[in-house]
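Below: the structure, in structure tokens.
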Amino acid sequence: MAHVNGIVNITVKGEQKPFRLDLNAVADLEELMDKGFGAILSEENMGFNTIRAFYWAGLKWRDRGLTLHRAGNIVQSMMTEDGYTFETLMEPIKDALIAGGLINASDMEEVDEYDSYDEDEEEDSKN
């Protein structure tokens, strides 16, 4: 995913939207969730509440009135209309954190391992 000035474009209802996770966005996310950044990214906290909060934080710089509920509606439409899955919703978050200079690509290996863990566990449950 290409990025300029820390911005990653996401597709919402077929349109590109600028998504940015800079220091202020992540600080707002920490305040909202009452957790530090490391705890937010931890395996046990990664769910739709966290995904919705990341999208709220990353989109509100362009939409100052964005609420968590509206961010949830955006994420829902990304899933139903644009084909995103839980795993692919994480990709713009990772890319935006890297583009914002807040993490290195190697810092996201833990989250990547979480994605793989889910697939392995799902496969085990089928057997």
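None of the figures in this text is laboratory data; all of them are computed from the coordinates on show. From a predicted model like this one, the values you see are computed outputs, not experimental measurements. Reconstructed Cβ throughout: ideal geometry from the backbone, glycine too, with neighbour counts over all protein chains shown.
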Subject >> Approximate spin-label separation Asp82-His69, in nm, with each point projected 7 Å along Cα-to-Cβ >> reply: 2.2
**OP:** Mind listing the long-range amide H neighbours of Asn9? Cut-off is under 5 Å, sequence gap 5 or more, other chains count too, H placed in the peptide plane at 1.01 Å from N.
**Re:** Phe19
Original post:
Between Asn49 and Phe37, what length in nm is gained on full extension when 0.36 nm per residue of separation is reduced by their alpha carbon distance?
Top reply: 2.9 nm
Original post:
Tell me, in nm to one decimal, what length is gained between Asn5 and Arg62 on full extension, where the rule is 0.36 nm per residue of separation less the Cα-Cα distance?
Top reply: 19.1 nm
Original post:
Using the C-alpha atoms of the stretch 1-95, what convex hull volume per residue, in cubic angstrom, is computed?
Top reply: 95
Original post:
Residue by residue, what Karplus-based ³J(HN,Hα) values in Hz, rounded to whole numbers, does the stretch 51-60 have, using 6.51, -1.76 and 1.60 with θ = phi - 60° and x for Gly and Pro?
Top reply: 4, 4, 5, 4, 5, 4, 5, x, 9, 6
**OP:** Report P(r) for the stretch 55-98: all Cα-Cα distances, bin width 10 Å, range 0 to the bin holding the largest distance, values in whole percent.
**Re:** 27, 55, 18
**OP:** Using per-residue counts of other Cβ atoms within 10 Å, averaged over each peptide, order 60-73, 84-97 from highest down.
**Re:** 84-97, 60-73
